[in-house]
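The values are calculated or read from the model by the stated rules, or taken from the named source; none is laboratory data. These numbers come from a predicted model, not from an experiment. A quick note on method: Cβ atoms are made from the backbone with ideal geometry, for glycine too, and the neighbour counts reach across all protein chains shown. Note: areas computed on protein heavy atoms with side chains; ligands, DNA, RNA excluded. Shrake-Rupley method; radii C 1.70, N 1.55, O 1.52, S 1.80 Å.
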Amino acid sequence: MPKDDLARFCCRNPDCDAYGRRGGDDLLVIDRFGKAGHRLLYCRICKARFSEFKGTPFFNSKFPHDEVVAVLEHLAEGCGVRQTARLAGVDKDTVTRLARLAGRHAEDSHDELVAFSPRDPRGPAR
Ligand SMILES: [Zn+2]
């Protein structure tokens, strides 16, 4: 079995010294669960266990990942909530919930990856 690549993962426990630190050897795969074999990760530093999908719209979703992706792709293409619900075959409340989760995940990613936003060239201050 190939070694699990955990370079993009980090401990999700805010109280842990390894929180947010990627690329180390702090994490291990200790179990797989569900039909798709999702990985349960373990932090050697704080002993926390968490799903590899914690903090994403896939976490604890009863929908298959491709359905979640389909919902988010429809929204990204500009479809409204009700239109997305009809096209993806899910409830409109599900669309709203997934959109909120994806938005939170995108905000977290932005805060981690973007050190500062460039000035708006059309803004009042230059
Ligand atoms: Zn930890």
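This table checks each residue for (1) part of a loop (DSSP other than H, G, I, E, B); (2) open to solvent by 40 Å² or more (accessible area, probe 1.4 Å); (3) of a type in the set (A, V, I, L, M, F, W, C).
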| residue | (1), (2), (3) |
| --- | --- |
| 47 | yes, yes, no |
| 58 | yes, yes, yes |
| 72 | no, yes, yes |
| 79 | yes, no, yes |
| 93 | no, yes, no |
| 96 | no, yes, no |
| 106 | no, yes, yes |
| 119 | yes, yes, no |
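Is it true that residue 31 is part of a strand (DSSP E or B), away from the ligand (no atom under 16 Å from the Cβ) and open to solvent by 60 Å² or more (accessible area, probe 1.4 Å)? Spell out the reasoning first.
Values: part of a strand (DSSP E or B): yes; away from the ligand (no atom under 16 Å from the Cβ): yes; open to solvent by 60 Å² or more (accessible area, probe 1.4 Å): yes.
Yes.
Conditions tested, residue by residue: (1) within 12 Å of the ligand (Cβ to nearest atom); (2) loosely packed, with under 14 Cβ neighbours inside 10 Å; (3) not polar (S, T, N, Q).
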site	(1), (2), (3)
6	no, no, yes
18	yes, no, yes
24	yes, no, yes
36	no, yes, yes
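If a residue has to be touching a strand residue (DSSP E or B) at 6+ places or on another chain (Cβ under 9 Å) and on the phi < 0 side of the Ramachandran plot to count, how many in the range 35-70 make the cut?
Initially, the range 35-70 is screened for residues touching a strand residue (DSSP E or B) at 6+ places or on another chain (Cβ under 9 Å), giving 38-46, 48-54, 58-60.
Narrowing the set further to residues that are on the phi < 0 side of the Ramachandran plot leaves 38-46, 48-54, 58-59.
Here the count works out to 18.
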